[in-house]
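The values are calculated or read from the model by the stated rules, or taken from the named source; none is laboratory data. Since the model is a prediction, treat every value here as computed from it, not as a measurement. Heads up, the Cβs are rebuilt from the backbone with ideal geometry, glycines too, and the neighbour counts pull from every protein chain shown.
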Amino acid sequence: MHEPLALGLAAAAGLLLGAVFFGGLWWTLRKGLQSPRPVRWLLSSLVLRTGVVLTGFYLVGDGHWERLLACLIGFVAARWLVTRRAGPPVEEPSAMQETTHAPEP
């Protein structure tokens, strides 16, 4: 396989892995906020997403640092795209209020 084609495919794989990772994170946070057990959602999602991404990077890299770098660039680009697509975070007034001083007795 020609090297430019391999690097392009590695970058595309990085985009896909990033979309899975960050899209899954976005989905998990939405579900976790509605769940009575959000820790279970967050931890299981973290393990699953990390496992998928690490396996993907291992398979794409195949011992070539250039492919790993291209995959990483695609992964970071996917982070930017998913962040732009998801929009600003949904704020809940009671949970997001910041206290600037200690409560009065």
>> Considering only residues that are crowded, with 16+ Cβ neighbours inside 10 Å, touching a residue at least 60 places away in the same chain (Cβ under 8 Å) and aliphatic (A, V, I, L, M), which ones fall in the stretch 1-15?
In response: A6, L7, A10, A11, A13, L15
> Regarding T99, is this residue outside any helix (DSSP H, G or I), hydroxyl-bearing (S, T, Y) and at pLDDT below 95?
Replying inline: yes
>> For the stretch 8-49, give me each residue that is more than 13 Å from F75 (Cα to Cα) and aliphatic (A, V, I, L, M).
In response: L25, L29, L33, V39, L42, L43, L46, V47, L48
> Could you list, in sequence order, the residues of the stretch 16-42 that are part of a helix (DSSP H, G or I) and exposed (fewer than 12 other Cβ atoms within 10 Å of the Cβ)?
Replying inline: Q34, V39, R40
> Just for the stretch 58-88: of the residues that are in a helix (DSSP H, G or I) and of a type in the set (D, E, K, R), which one is surrounded by the most Cβ atoms within 10 Å (Cβ to Cβ)?
Replying inline: R67
